[in-house]
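Below is one structure, written out as C-alpha cells; comments come after it.
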Amino acid sequence: MNDQDAAKRAAAEAALTHVKDGMRLGLGTGSTAAHFVRALGERVKAEGWELRCAPTSEATRALAVEVGLALLDFDETAQLDLTVDGADEADPSLNLLKGGGGALLREKIIAASSRRMIVIADETKCVAQLGAFPLPVEVSPFAWQLTVGKLRGLFREFELGDVPVRLRAKPGGGPQLSDGGAYLFDCALERIPDPAGLTAALNQIPGVIENGLFVGIADTLIVGGENGVRTVEAPAR
Ligand code: 5RP
C-alpha cells in the first residue's frame, strides 16, 4: 500500500467511529469508499451489528455483498442516517467535485437523502478552489451533440472560456457508460469560481442528467495525511 492509499484507509477507518448499530447507511464509490466498505464489513461481523446499506454503484454493491453487508430496500425508507463517500476535490466550504468513478448521479441521490454526509479523502483532494479535476457531467445519449453544444455555451456564459469537453471512453474503446447507461463528459474547466451557480445552471440544460458538483451537501470532511487524520466541519448553513 502506498502513502496515498494508506491516507485514504486512515480516513475511512476514522469515519467508522460515526457508525452505530441499526443505521441506514449510504455507501460511496471509489478506492477511498472501498476502504470504508471493507472496514465496515469487518466491524459488522465482529460486533453483530444490523445495518442496512444503499450502495451508490454496481461496483460498491458487489463489494458490499462480498463483505457481508445487508442492502436496503428503498421502499422502506425515505431517509438514510449517514452516507460516507470519497471525492475528487473538496474546497474549504466542503463543496465537492465528484464523479471520477462515474457514479455521480447515484452518489448525489444517496447523499442528498441522508441526514449526514461524511467525505473521506487524502490531502491531495483538498483544494482552495474546485475545478483542476475535470468536472464530470452525465448526459443522455439521445442527441448528445446538442446537449454538449449547450454545455460549451454555458461555460462561455460563465466566462470560463472554450472549455475542452471530452466523452469518457472505456480502455478498450467506445463510450464509458454510467451505471444508468448514460454518457459521461469530462469538462476541463480548470477553475470553478461559482460552484452553486454553475451546478444550478448545468442541471437546467435538457439532456444533462446530473453534474459532479455537490454544493451544500457534505457535512464533515475527514482527511488522512502524513500526520494522521484531521476533521473539517462544513460552515453553518
Ligand atoms: C466516484 C467518486 C469518487 O468518490 C471519487 O472519484 C474519488 O475516488 P477515489 O476515492 O478512488 O480517489 O466520486 O464517482
Going through the stretch 100-122 in order, the residues found to be closer than 15 Å to A54 by Cβ, among the small types (G, A, S) and within 13 Å of the ligand (Cβ to nearest atom) are A103, A111
Would the stretch 33-41 turn up any residue that is of a type in the set (A, V, I, L, M, F, W, C) and more than 21 Å from I222 (Cα to Cα)? no
Only one of E210, E226, E159, E190 that is open to solvent by 40 Å² or more (accessible area, probe 1.4 Å) and within 21 Å of the chain's Cα centre (by Cα): E190
Filter the stretch 123-141 down to residues that are part of a loop (DSSP other than H, G, I, E, B) and more than 12 Å from the ligand (Cβ to nearest atom), then give me how many there are. 8
Odd one out for A39, checked against (1) in contact (Cβ under 8 Å) with a residue 40 or more places away in the chain; (2) within 16 Å of the ligand (Cβ to nearest atom); (3) open to solvent by less than 20 Å² (accessible area, probe 1.4 Å): (1)
Would you check which residues across the stretch 20-29 are open to solvent by 40 Å² or more (accessible area, probe 1.4 Å) and either assigned to a helix (DSSP H, G or I) or near the ligand (Cβ under 10 Å from one of its atoms) (or both) and list them? none
Whichever residue in the stretch 87-99 is within 14 Å of the ligand (Cβ to nearest atom) and in contact with a Pro (Cβ under 7 Å, 6 or more places away or on another chain) and, among such residues, is farthest from A196 (Cα to Cα): G99
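Is there a residue being charged (D, E, K, R) and either near the ligand (Cβ under 10 Å from one of its atoms) or touching a residue at least 40 places away in the same chain (Cβ under 8 Å) (or both) anywhere in the stretch 54-63?
yes
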Considering the stretch 67-122, residues that are of a type in the set (D, E, K, R) and assigned to a loop (DSSP other than H, G, I, E, B), and then whichever is surrounded by the fewest Cβ atoms within 10 Å (Cβ to Cβ), we arrive at D73
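The values are calculated or read from the model by the stated rules, or taken from the named source; none is laboratory data. Keep in mind that what you see is a predicted model, and the values were worked out from it rather than measured. Quick reminder, even Gly has a Cβ in these numbers, built from the backbone with ideal geometry, and neighbours come from all protein chains shown. Keep in mind that these areas ignore ligands, DNA and RNA; they rest on the heavy atoms of the full protein, side chains included. Shrake-Rupley method; radii C 1.70, N 1.55, O 1.52, S 1.80 Å.
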